[in-house]
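Engineer: Below are the structure tokens for one structure; questions will follow.
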Amino acid sequence: MSHKLSEFVARSATSLPEALSLLAEPADADRGPWRPLAGGTDLMVTLAAGTLPVGRYVDIWPLDELRGITVTDESVEIGALTTYTDIRLHPLLAKEFPLLGLAAKETGAIAIQNRGTLGGNIANASPAADTPPALLAYDAELELLSRSGPRTVPYSRFHSGYKQMDRRPDELITKVRLKRTPSDAPGHTVHYYRKVGTRAAQAISKVCFAAFARVEGHRLLNVRLGLGSVAPIPLRCTRTESVLLSAPLDEPLIRRAEATLAYEISPIDDVRSTSPYRRRVTLNLLREMLSRCQVRSDST
Amino acid sequence: MKEPDVLQQESPIGKSPPRKEGVAKVTGKAVYVDDLPVAGAIYGATVRSKVARGHLRGITYHPGVPWEDFHIVTAADIPGENTIALIEKDQQCLVDTTVNHPEEAVVLIAHPDRELVERARRLVELHIEPLPMVFDLDESLEGEVRVWGEDNLLKQFSIDKGDIASALASAPIIVEGEYATGAQEQLYIEPQGMVALASPKHGITVWGSLQCPYYVHKALATLFGLPKERVRIIQCETGGGFGGKEEYPSMIAAHAALLAWKARRPVKLIYDRHEDMLATTKRHPSRTRIRSGHDEHGKLLALDVDFRLDGGAYMTLSPVVLSRGGLHASGPYSCDHIRIRARAAATNHPPHGAFRGFGAPQSVFAIERHLDKVAAQLGIDGAELRRRNFLLQGQTMATGQVVRDNIDLPQLLDRAVAMSGYAHKRAEFSRLNAEAASRGEPIRRGIGLASFMHGAGFTGSGERYLASVVAVDATPTGIVRIRASSTEIGQGKDTVFTQIAQDALGLPSSMIEIIRPDTAEVPDSGPTVASRTVMIVGKLVHNACLELRRKLSEGGLLGESYTAEEFAAACGIFHQLGGPLRVESQYQQPAGIDWDDKKYRGDAYATYAWAVYIAEVTVDLTTYETRVDRFYALQDAGRIIHPVLAAGQIEGGVAQGVGMALYEKVVWKDGRMQNAQMTNYIMPTSLDVPDIFVEFDDRATRLGTNQPHGPRGAKGIGELPLDGSAPAVASAVHHATGAPIYAVPMTPEDLMLAMETVR
């Protein structure tokens, strides 16, 4: 640690209004603004590495109103403090939004899954995070709250650059909203999630590929692709999606989709992998995902 | 006293009693160095060079902490020689004027507030004027930039058998190849650390996490210019070593003691994982070029090996790592014409050091991959090619050493092939792979093998020079105390020594006490390395216990057979008659062992363990990820003292070998490790480790047809599994994909590139 723990200020919020009013306080000259602290699974790593800025942290973990999963006929709302474990164990999520449970299962160790939160995973804004690709594939919406009231943002527009996001310092992410697919919707659904992290557990992804598709016959009626670790942000690949929706799924279309996806992503060389590997594997995963769609369409 | 040839019914040898120190470990009572409560301790930290080579021009202590409250040590504060004495004295303890690698210690600081020390460390600025640097071992050997001695050569030697030049010239088939292995972290669970008390009046006492108390002892006596009896080294409970705590603990102990000496206060110097990964030693990276000559049946007619190691900035243990590597470079194969040229080159990496296997995993990887290349070129199955070339009893190895043991490697191979279903799977996987390829499917399966040996104990005359000693004494109540400097580092030494003592004395485990290694309490039994603890030191324990028994029976106090109570009573009487009841046993080289250090001729090791390992893999060409599905490990390691612990050694070694083969890649930049965190240096998790099937073949030992070097015919086992695991895995990946895998670690990124050369 380069900073003494005693130099940090942390306060446990006893109510949501209290947390919001702390976040609304002007930045302190020495210690900056108040910043939210949820499960702490990312902040503690940077604290131990000595890179966490000395500052003021409001602990929102006690705020139970930000926790839990609410199901209505149209949507599922997941509180920002819902843990990976909560997500893994939820039967309706497992049935209708299985990518979230798969992502949660791939995140860290059991202890991290018990403590880490969905809202924290979003707010940490790592391009290598495991749940954002799934949230992109499900076209999630975020609800943010400040003293001036709530605000809704499509998750696909939330991240704007490396560690940049559409959240003001006085705002908290309070919930994630997923729209349910009506049971009488045409076609059938394909969910695809694959995290490539070189080892079977405790890995940080080199490439993460999540996809949701509605398939009828040889056509995709709907498709959403969410990718991790191939761009400065968790990336929704809308151009590739458009190509895939433009014609029946055949080899020429797959080639066009591959070419488009290669253009949409911008993977880098870093300590974990190489740009050519990430690029090649991303395209291989697209093909694998589409083969699942083809299998389903062939059998119907 | 003549040893009985047959184990007594009640002998604990070959049984698996619970770990002697196990309960304290699993209940959290075991005290590791950072757990030691030290009243009045201050905390040390190390300021490192960060630049790989240069002249130290100055040091600035930037404001931000109360520097006047800090204790600061530089090279100028060293009372004796500024060196970490090992084989040579070329490594400085603290940088004086010249920096030779980026993790060299320059300034030591200490303060009672642990957090403040870390902040202060970041406020020390070193002014280093860079000098030309070398990071590539072949560039170092070219010698254009001189970074060590006259020619950057830390050590070179050559092993010559027969006439290599004419044998290569006349061989009908020549196969050539180049093979490489990377650096690897030991990744013991407990990072390194030391506690030191030191003053001119009281001398020096150090507690720490370490493998070799007498190495630290020698280094500190030299550094402080103190007589040996003024330096005391005590081993704390140690959370693993794998060679990583062989030589580097001397450095940390030196730093802690220097701070304590200057501050006149106890000092705790504990590395976190990041610092440990950055600064402490790793496995030597290697490159090996092999040219071999064969007849059309694959028989080895000539073997020419050029084996090179990157030693890093200082000599440390590189000469002996190179020796072991060179001596294992021709594998368990018979060949009349061999040349092994071995060189260790200095670079500006932090010094590479001891790691389980100690050079052999590098050279065994090369020869095993080369034989697969030969097999592919000649269209012979890899198992069959090896069978045709195995050493037989009575034949000579590269150094001219005659194989005296009753080894039957073809039979060992047959058994491994049978237990794994190798022949069937090899054919079946080839068929399935061809089908998958024709359908454009991504899954490939493969099976591959390696056969190899590992010499037990120190190389060459090492054991003779060490002349290790074990002492055994008994209290008036009959408690037998084993005094050896061999350390318990998770391998089960305390348990196995207890079994060996019980076997010699016929006493229950509760009457055997293993004294914690402390240079004030135990003699120098040599270091805990080189697969020597059971075979060499265990034999001394056995001999000393027999001697103790003889002492009691000679005095008429003990009969031929006795109960525990009778033994205790005899000890009581002996003490009353004046005692003390203490004996020592010193290593004596067995007759008929002869080694020439200069020419590398003769008996390189007293004995060898022999093994055949087989790996089965699945490769997914969507992601180029390899999964090792099953692993078969069959070995002749002589008598197995504790089957559960021995199997654990093999399983752990295979896991480390799988890491070496597929996962563990040190990313270097300007001589520094870039991924010194366990999130980015990928070691396999339990989910990545295959099902491992371990079997021991000790028939020759039971039949009494082998030379019994160790207690009851035990041989070394600790390092063996590292030698053959990586080449077996690489062989299986080669079979699965057809990709030429001649370097490890082979990450998915590497396999992707290699696949571009495959049709």
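Engineer: Being buried (at least 19 other Cβ atoms within 10 Å of the Cβ) and out of contact with any strand residue (DSSP E or B) (no Cβ under 9 Å at 6 or more places or on another chain) narrows it down to one residue among B:Leu645, B:Leu581, B:Leu577; which is it? Outline the logic, then answer.
Structural biologist: Working: B:Leu581 fails: out of contact with any strand residue (DSSP E or B) (no Cβ under 9 Å at 6 or more places or on another chain); B:Leu577 fails: buried (at least 19 other Cβ atoms within 10 Å of the Cβ).
The match here is B:Leu645.
Engineer: Ok, one more. Among (1) over 20 Å from the mean Cα position of the chain (by Cα); (2) of a type in the set (Gly, Ala, Ser); (3) buried (at least 21 other Cβ atoms within 10 Å of the Cβ), where does B:Ala655 come up short?
Structural biologist: Failed condition: (1).
Engineer: Considering only residues that are over 12 Å from B:Gln192 (Cα atoms) and in a loop (DSSP other than H, G, I, E, B), which ones fall in the stretch B:244-269?
Structural biologist: Of everything in the stretch B:244-269, those that are over 12 Å from B:Gln192 (Cα atoms) and in a loop (DSSP other than H, G, I, E, B) turn out to be B:Arg264, B:Arg265, B:Pro266.
Engineer: Residues in the stretch B:135-156: is at least one surrounded by 15 or more Cβ atoms within 10 Å (Cβ to Cβ), among the β-branched types (Val, Ile, Thr) and within 14 Å of chain A (Cβ to nearest Cβ)?
Structural biologist: no
Engineer: Shifting gears a bit: Out of all the residues in the stretch B:638-648, is one or more under 16 Å from B:Gly724 (Cβ atoms), more than 14 Å from every other protein chain (Cβ to nearest Cβ) and among the charged types (D, E, K, R)?
Structural biologist: There is no residue in the stretch B:638-648 that is under 16 Å from B:Gly724 (Cβ atoms), more than 14 Å from every other protein chain (Cβ to nearest Cβ) and among the charged types (D, E, K, R).
Engineer: Okay, next question. When only residues in the stretch B:673-692 that are facing chain A (nearest Cβ under 7 Å) and out of contact with any Gly (no Cβ under 6 Å at 6 or more places or on another chain) count, which is most open to solvent (accessible area, probe 1.4 Å)?
Structural biologist: Our first condition is that a residue be facing chain A (nearest Cβ under 7 Å); within the stretch B:673-692, this holds for B:674-675, B:679-680, B:682, B:684-685, B:687-688.
Now narrow it down to the ones that are out of contact with any Gly (no Cβ under 6 Å at 6 or more places or on another chain): B:674-675, B:679-680, B:682, B:685, B:687-688.
Details: B:Gln674: 79, B:Asn675: 1, B:Thr679: 66, B:Asn680: 22, B:Ile682: 25, B:Thr685: 27, B:Leu687: 101, B:Asp688: 6 Å².
Checked the stretch B:673-692; the qualifying residue most open to solvent (accessible area, probe 1.4 Å) is B:Leu687.
Engineer: OK, next. Just to verify a result, which residue in the stretch B:475-511, among those that are of a type in the set (A, V, I, L, M, F, W, C) and over 27 Å from B:Lys245 (Cα atoms), is surrounded by the fewest Cβ atoms within 10 Å (Cβ to Cβ)?
Structural biologist: Result: B:Ile479.
Engineer: Which ranges mark the strands (runs of 3 or more DSSP E) fully within the stretch B:401-491 that have 3 or more residues being among the hydrophobic types (A, V, I, L, M, F, W, C) and either touching a Pro at 6+ places or on another chain (Cβ under 8 Å) or at pLDDT 95 or above (or both)? If you could, list the steps in order and put the result at the bottom.
Structural biologist: Working: elements: B:443-456, B:469-474, B:480-483.
By residue number, B:443-456, B:469-474.
Engineer: Now a separate question. So for the stretch B:120-129 (the condition being within 14 Å of another protein chain (Cβ to nearest Cβ) and not hydrophobic (A, V, I, L, M, F, W, C)), does at least one residue qualify?
Structural biologist: The initial filter retains those residues of the stretch B:120-129 that are within 14 Å of another protein chain (Cβ to nearest Cβ), namely B:120-124.
Imposing the further condition that a residue be not hydrophobic (A, V, I, L, M, F, W, C) reduces the set to B:121-122.
Within the stretch B:120-129 (the criterion being within 14 Å of another protein chain (Cβ to nearest Cβ) and not hydrophobic (A, V, I, L, M, F, W, C)), the answer is yes, since at least one residue qualifies.
Engineer: Which residue out of A:Gly50, A:Gly68 is within 14 Å of another protein chain (Cβ to nearest Cβ) and surrounded by fewer than 17 Cβ atoms within 10 Å (Cβ to Cβ)?
Structural biologist: Values: A:Gly68 fails: within 14 Å of another protein chain (Cβ to nearest Cβ).
Checking each option against the conditions leaves just A:Gly50.
Engineer: Then there is this: Does A:Leu286 satisfy the criteria of being part of a helix (DSSP H, G or I), open to solvent by less than 20 Å² (accessible area, probe 1.4 Å) and either among the β-branched types (Val, Ile, Thr) or more than 14 Å from every other protein chain (Cβ to nearest Cβ) (or both)?
Structural biologist: So A:Leu286 fails the test.
Engineer: Would you call B:Val619 part of a strand (DSSP E or B), open to solvent by less than 20 Å² (accessible area, probe 1.4 Å) and within 21 Å of B:Lys425 (Cα to Cα)?
Structural biologist: Working: part of a strand (DSSP E or B): yes; open to solvent by less than 20 Å² (accessible area, probe 1.4 Å): yes; within 21 Å of B:Lys425 (Cα to Cα): yes.
In short, yes.
Engineer: Is the stretch B:443-458 home to any residue that is without any contact (Cβ under 8 Å) to a residue 24 or more places away in the chain and surrounded by fewer than 16 Cβ atoms within 10 Å (Cβ to Cβ)? Write out each step before concluding.
Structural biologist: The first filter runs over the stretch B:443-458 and keeps only residues without any contact (Cβ under 8 Å) to a residue 24 or more places away in the chain, leaving none.
No - not one qualifying residue is present in the stretch B:443-458.
Engineer: Now a separate question. Please state which of the following conditions A:Thr14 fails to meet, knowing it meets all the rest: (1) more than 16 Å from A:Asn121 (Cα to Cα); (2) surrounded by 13 or more Cβ atoms within 10 Å (Cβ to Cβ).
Structural biologist: So A:Thr14 meets the others, but not (2).
Engineer: Go through the stretch B:706-759 and count every residue that is farther than 15 Å from B:Asp620 by Cα, open to solvent by less than 10 Å² (accessible area, probe 1.4 Å) and either within 14 Å of chain A (Cβ to nearest Cβ) or charged (D, E, K, R) (or both).
Structural biologist: Adding up the residues that qualify gives 1.
Engineer: Then there is this: Consider B:Glu664 carefully, then state whether it is over 24 Å from the mean Cα position of the chain (by Cα), within 14 Å of another protein chain (Cβ to nearest Cβ) and either open to solvent by less than 40 Å² (accessible area, probe 1.4 Å) or free of Cβ contacts under 8 Å to residues at least 24 places away in the same chain (or both).
Structural biologist: Taking the combined requirement at face value, the residue does not satisfy it.
Engineer: Answer yes or no: is there a residue in the stretch A:23-43 that is outside any helix (DSSP H, G or I), within 14 Å of chain B (Cβ to nearest Cβ), acidic (Asp, Glu) and within 20 Å of the chain's Cα centre (by Cα). Full working, then the answer.
Structural biologist: Kept after step one, since they are outside any helix (DSSP H, G or I), are these residues of the stretch A:23-43: A:25-42.
Checking which are within 14 Å of chain B (Cβ to nearest Cβ) leaves us with A:41-42.
Filter once more, keeping what is acidic (Asp, Glu): A:42.
Now restrict to residues that are within 20 Å of the chain's Cα centre (by Cα): A:42.
The answer is yes, given that some residue of the stretch A:23-43 is outside any helix (DSSP H, G or I), within 14 Å of chain B (Cβ to nearest Cβ), acidic (Asp, Glu) and within 20 Å of the chain's Cα centre (by Cα).
Engineer: Do the conditions hold for B:Lys268, that is, is it at pLDDT 95 or above, among the basic types (Lys, Arg) and surrounded by fewer than 24 Cβ atoms within 10 Å (Cβ to Cβ)? Walk me through it before giving the result.
Structural biologist: Details: at pLDDT 95 or above: yes; among the basic types (Lys, Arg): yes; surrounded by fewer than 24 Cβ atoms within 10 Å (Cβ to Cβ): yes.
Considered against the rule, which asks whether it is at pLDDT 95 or above, among the basic types (Lys, Arg) and surrounded by fewer than 24 Cβ atoms within 10 Å (Cβ to Cβ), B:Lys268 comes out as yes.
Engineer: Going through A:Arg280, A:Arg256, A:Arg239 one at a time, which residue ends up being of a type outside the set (A, V, I, L, M), within 14 Å of chain B (Cβ to nearest Cβ) and open to solvent by 40 Å² or more (accessible area, probe 1.4 Å)?
Structural biologist: Numbers: A:Arg256 fails: within 14 Å of chain B (Cβ to nearest Cβ); A:Arg239 fails: within 14 Å of chain B (Cβ to nearest Cβ).
Exactly one residue qualifies, and that residue is A:Arg280.
Engineer: Shifting gears a bit: Pick out the one residue from A:Ala200, A:Ala210 that is touching a residue at least 24 places away in the same chain (Cβ under 8 Å) and hydrophobic (A, V, I, L, M, F, W, C).
Structural biologist: Working: A:Ala200 fails: touching a residue at least 24 places away in the same chain (Cβ under 8 Å).
From the options A:Ala200, A:Ala210, the qualifying one is A:Ala210.
Engineer: Restricting to strands (runs of 3 or more DSSP E) lying wholly in the stretch A:69-163: which have 3 or more residues that are farther than 27 Å from A:Thr189 by Cβ? Step through it out loud before you land on a result.
Structural biologist: Values: elements: A:69-71, A:75-79, A:141-146, A:149-154, A:159-161.
Those strands (runs of 3 or more DSSP E) span A:141-146, A:149-154.
Engineer: Given the residues A:Glu96, A:Glu7, A:Glu77, which is the only one that is acidic (Asp, Glu) and within 14 Å of chain B (Cβ to nearest Cβ)? Even if it seems obvious, please write down each step before you answer.
Structural biologist: Details: A:Glu96 fails: within 14 Å of chain B (Cβ to nearest Cβ); A:Glu77 fails: within 14 Å of chain B (Cβ to nearest Cβ).
The unique qualifying residue is A:Glu7.
Engineer: Can you find a residue in the stretch A:46-58 that is in contact (Cβ under 8 Å) with a residue 60 or more places away in the chain, under 22 Å from A:Ser126 (Cβ atoms) and out of contact with any Cys (no Cβ under 6 Å at 6 or more places or on another chain)?
Structural biologist: Residues of the stretch A:46-58 in contact (Cβ under 8 Å) with a residue 60 or more places away in the chain: none.
Checking the stretch A:46-58: not a single residue is in contact (Cβ under 8 Å) with a residue 60 or more places away in the chain, under 22 Å from A:Ser126 (Cβ atoms) and out of contact with any Cys (no Cβ under 6 Å at 6 or more places or on another chain).
Engineer: Residues in the stretch B:291-321 that are without any contact (Cβ under 8 Å) to a residue 40 or more places away in the chain and either in a loop (DSSP other than H, G, I, E, B) or surrounded by fewer than 24 Cβ atoms within 10 Å (Cβ to Cβ) (or both): how many?
Structural biologist: Residues that pass the stated criteria total 1.
The values are calculated or read from the model by the stated rules, or taken from the named source; none is laboratory data. Remember, it's a predicted structure, so these values are computed and weren't measured experimentally. Cβ: placed from backbone, ideal geometry, glycine included. Neighbour counts: every protein chain shown. Surface accessibility is based on the protein's heavy atoms, side chains included, excluding ligands, DNA and RNA. Shrake-Rupley method; radii C 1.70, N 1.55, O 1.52, S 1.80 Å.
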